Amino acid sequence: MSPVKPDSKYFPLYEFLRTLGTNQLTLSFEAIERMIAGRLPASALKSRSFWSNRSHGALQASAWMDAGFHVRAVNLVKREVTFARPTIRYQVEREGTDILWNAAMVRALREHMDVNQAELAQILGVRQQTVSEWETGVYQPTRGRSKHLTMVAEKAKFPFKPNPTD
């Protein structure tokens, strides 16, 4: 069963993106409205925040994120949005069932969540400098922090594939 419910207004967008064979696509707002057989809300036409890659609380964001895409660009004047698959390469390493978080994975998670280092630090209850040191490889997260990172990643629907860009 798909993560996006079939009765969701944005299910047709999810289905379209999920089956798309390319890594990037620009759609007009009008094309999206045809796809969903309805009008986009006024906020979609006037505000970039409608198009943010929020991991919860936004049905529209769930549609493209669950399909494996992020919004990369929004042009409110041209009334179009560009969807792209995340492109950071990382390798998932495991020790038993535990995920070993490395610099590339921490950065990929942060970019997947569309947050900066300070925002990820706040979510994790650490300092921004700690996130920076993880991303640059100065330190690796402790086993406890790794478990916390894994829980946050699962909630954000972060892809734990061996090589997510393949």
Legend entry - Selection status of Glu119, surrounded by fewer than 18 Cβ atoms within 10 Å (Cβ to Cβ), in a helix (DSSP H, G or I), acidic (Asp, Glu) and modelled with pLDDT of 95 or more: no
Legend entry - Unique match (being hydrophobic (A, V, I, L, M, F, W, C) and assigned to a strand (DSSP E or B)) among Ala73, Ala63, Ala44, Ala31: Ala73
Inset, instruction - Determine whether Gln60 is surrounded by 18 or more Cβ atoms within 10 Å (Cβ to Cβ), within 26 Å of Phe160 (Cα to Cα) and in the same structural domain as Ser146 (by TED's automatic domain parsing). - result: no
Inset, instruction - Identify all residues within region 93-113 that are surrounded by 14 or more Cβ atoms within 10 Å (Cβ to Cβ) and assigned to a strand (DSSP E or B); write none if there are none. - result: Ile99, Leu100
Legend entry - region 86-112, residues that are touching a residue at least 40 places away in the same chain (Cβ under 8 Å), polar (S, T, N, Q) and either within 17 Å of His148 (Cβ to Cβ) or touching a helix residue (DSSP H, G or I) at 6+ places or on another chain (Cβ under 8 Å) (or both): Gln91
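The values are calculated or read from the model by the stated rules, or taken from the named source; none is laboratory data. From a predicted model like this one, the values you see are computed outputs, not experimental measurements. Don't worry about glycine lacking a Cβ; one is built from the backbone with ideal geometry, like all the others, and counts go over all protein chains shown.
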